[in-house]
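Working notes, structure below.
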Amino acid sequence: MGYSVDRQLDARGLSCPMPSVKTALELEQMESGQVLEILTDDPVSKKDLPVWAEETGNKILGIEEEEGTIKIYLEKA
C-alpha cells in the first residue's frame, strides 16, 4: 500500500452513486492533503470515483482489489 491513511470509509453494500456521495460527505470532515481509504464492493466505483475525484480536484492515489473488496485511496485537495 504505502499510503498513510487518515480516515476510512466503508461503502460496501452501497451501489452507485452512493459511494461517491458518502466520499464527498467524509471529505468535508477532512483537511487538505489527508488520505481517505474507501472500501467498496461496487465495481462501478472503480470508474466513477476517479472521474468524480478529478472533477472535484481531489487525487486518486491508487486502487487495489482484495477478496471482493475494492480499496480506493484518495487524497483531499
Residues of the range 1-41 that turn out to be at pLDDT 95 or above, within 19 Å of Glu65 (Cβ to Cβ) and part of a loop (DSSP other than H, G, I, E, B), as a count: 6
Total residues in the range 66-77, condition exposed (fewer than 15 other Cβ atoms within 10 Å of the Cβ) and either in contact with a Pro (Cβ under 9 Å, 6 or more places away or on another chain) or among the polar types (S, T, N, Q) (or both): 1
Among residues of the range 51-65, those that are under 16 Å from Leu25 (Cα atoms) and either open to solvent by less than 60 Å² (accessible area, probe 1.4 Å) or of a type in the set (Val, Ile, Thr) (or both), counted: 5
Residue count, the range 35-60 (criterion: within 14 Å of Gln8 (Cα to Cα) and either in contact (Cβ under 8 Å) with a residue 40 or more places away in the chain or among the charged types (D, E, K, R) (or both)): 3
Lone qualifier among Leu25, Leu36, Leu14 - being surrounded by 15 or more Cβ atoms within 10 Å (Cβ to Cβ) and under 14 Å from Ala53 (Cα atoms): Leu36
Any pair with Cβ under 8 angstrom, 6 or more apart, that starts in the range 12-34 at a residue that is at positive phi and ends at one that is open to solvent by 30 Å² or more (accessible area, probe 1.4 Å): Gly13/Asp41; Gly33/Glu75; Gly33/Lys76
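The values are calculated or read from the model by the stated rules, or taken from the named source; none is laboratory data. Everything numeric in this text was worked out from a predicted model, so none of it was measured. Neighbour counts are summed over all protein chains in view; Cβ atoms, including those assigned to glycine, are modelled from backbone coordinates with ideal geometry. Side chains included, ligands, DNA and RNA excluded: accessible areas come from the protein's heavy atoms. Shrake-Rupley method; radii C 1.70, N 1.55, O 1.52, S 1.80 Å.
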